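Participant: One structure, as structure tokens, below. Some questions next.
The values are calculated or read from the model by the stated rules, or taken from the named source; none is laboratory data. Since the structure is predicted, the reported quantities are computational estimates derived from the model, not experimental observations. All Cβ positions, even for glycine, are placed from backbone atoms using ideal geometry, and neighbour counts span all protein chains on display. Each accessible area value is taken on the protein alone, full model and side chains, heavy atoms only, with ligands, DNA and RNA left out. Shrake-Rupley method; radii C 1.70, N 1.55, O 1.52, S 1.80 Å.
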Amino acid sequence: MIGRLSGRLAEKNPPQLLIDVGGVGYEVDVPMSTFYNLPPLGEPVTLLIHHAVREDGHFLYGFGSAGERTAFRQLLKISGVGARIALAVLSGLSVDDLASAVARQEAGRLTKIPGIGKKTAERLLLELKGKLPEIAGGASPAAGSAPGAPDDDVLNALLALGYNEKEAQGAIKALAPGLSTSEGIRQALKSLARF
């Protein structure tokens with residue numbers, strides 16, 4: 001399997017590149033986040049590669065960072081998500097932004113990406129939960145909280161109770177730091193009841 005390509009950038013036709021490696025041209029599809037960071041034509045380039053073998057051919061997907069490639073592979077593990085959708089997600093959001101959206105369960109950020117509807121966004125959020133923070137290089141999903149922290153559980157509880165995201169986020173910001181999840185929910189509900 002091909003894991004990395006180093007060569008000269010021969011062509012750029014978004015989202016596809018042609019990389020000349022010792023006289024052999026490799027067609028590689030890349031997310032726009034990688035595309036924007038490419039050198040000019042004719043310059044040396046190195047990309048990490050995900051090599052997919054299917055009935056209809058061999059396909060190469062290139063990434064500028066290990067985090068992007070790992071996020072792409074996590075996306076491919078989700079039922080109904082193929083390479084095109086995975087590339088679209090990584091073109092629309094950086095790995096850190098994706099990890100943040102997953103940690104905060106922000107479906108709205110994903111539905112802004114072409115090809116991602118509400119149901120697909122919800123499935124992505126559910127299946128990626130807990131799988132991206134370690135690859136995002138310490139993405140901070142919310143000030144003072146980590147994925148799986150009490151604030152995330154409080155937010156999810158408030159959303160499940162029917163509060164909208166803005167109301168829930170406002171109630172969470174008013175909470176004292178260091179509360180347990182149950183105490184956080186209790187206090188957030190008290191503050192929301194005042195309105």
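Participant: Would you check which residues across region 11-31 are in contact with a strand residue (DSSP E or B) (Cβ under 9 Å, 6 or more places away or on another chain) and either of a type in the set (D, E) or under 20 Å from G82 (Cβ atoms) (or both) and list them?
Facilitator: To start, the set of residues in region 11-31 that are in contact with a strand residue (DSSP E or B) (Cβ under 9 Å, 6 or more places away or on another chain) comprises 11-12, 15-22, 24-31.
Correct list: E11, P15, Q16, L17, D20, E27, V28, D29, V30, P31.
Participant: Same structure again: Determine whether G64 is surrounded by 19 or more Cβ atoms within 10 Å (Cβ to Cβ) and touching a helix residue (DSSP H, G or I) at 6+ places or on another chain (Cβ under 6 Å).
Facilitator: Details: surrounded by 19 or more Cβ atoms within 10 Å (Cβ to Cβ): yes; touching a helix residue (DSSP H, G or I) at 6+ places or on another chain (Cβ under 6 Å): yes.
In short, yes.
Participant: Tell me, which residue of region 15-27 that is more than 15 Å from G64 (Cα to Cα) and in contact (Cβ under 8 Å) with a residue 12 or more places away in the chain is surrounded by the fewest Cβ atoms within 10 Å (Cβ to Cβ)?
Facilitator: Filtering first and then ranking leaves G22.
Participant: Still on this structure, please answer the following. Does region 141-159 contain any residue that is open to solvent by 80 Å² or more (accessible area, probe 1.4 Å), closer than 28 Å to A71 by Cβ and at pLDDT below 75? Give the derivation first.
Facilitator: Going through region 141-159, the residues open to solvent by 80 Å² or more (accessible area, probe 1.4 Å) turn out to be 143-144.
Now drop any that are not closer than 28 Å to A71 by Cβ, which leaves 143-144.
If we keep only those that are at pLDDT below 75 as well, we get 143-144.
Within region 141-159, one or more residues are open to solvent by 80 Å² or more (accessible area, probe 1.4 Å), closer than 28 Å to A71 by Cβ and at pLDDT below 75.
Participant: Yes or no: E43 among the charged types (D, E, K, R), under 21 Å from L76 (Cα atoms), open to solvent by 30 Å² or more (accessible area, probe 1.4 Å) and touching a residue at least 24 places away in the same chain (Cβ under 8 Å)? Steps first, please.
Facilitator: On the way: among the charged types (D, E, K, R): yes; under 21 Å from L76 (Cα atoms): no; open to solvent by 30 Å² or more (accessible area, probe 1.4 Å): yes; touching a residue at least 24 places away in the same chain (Cβ under 8 Å): yes.
The answer is no for E43.
Participant: Okay, next question. In the set R4, R73, which member is basic (K, R), at pLDDT 90 or above and farther than 30 Å from R123 by Cβ? Lay out the reasoning, then the answer.
Facilitator: Details: R73 fails: farther than 30 Å from R123 by Cβ.
That would be R4, the only listed residue that is basic (K, R), at pLDDT 90 or above and farther than 30 Å from R123 by Cβ.
Participant: Out of V89, V53, V81, report the one residue that is over 18 Å from I113 (Cα atoms) and either polar (S, T, N, Q) or without any contact (Cβ under 8 Å) to a residue 60 or more places away in the chain (or both).
Facilitator: Numbers: V89 fails: over 18 Å from I113 (Cα atoms); V81 fails: over 18 Å from I113 (Cα atoms).
Just one listed residue meets the conditions, V53.
Participant: Still on this structure, I have one more. Anything in region 36-53 that is in contact with a Ser or Thr (Cβ under 8 Å, 6 or more places away or on another chain) and at pLDDT below 90? List them, or say none. Break it down stepwise before answering.
Facilitator: Filtering region 36-53 for residues in contact with a Ser or Thr (Cβ under 8 Å, 6 or more places away or on another chain) gives 44-48.
None; the set is empty.
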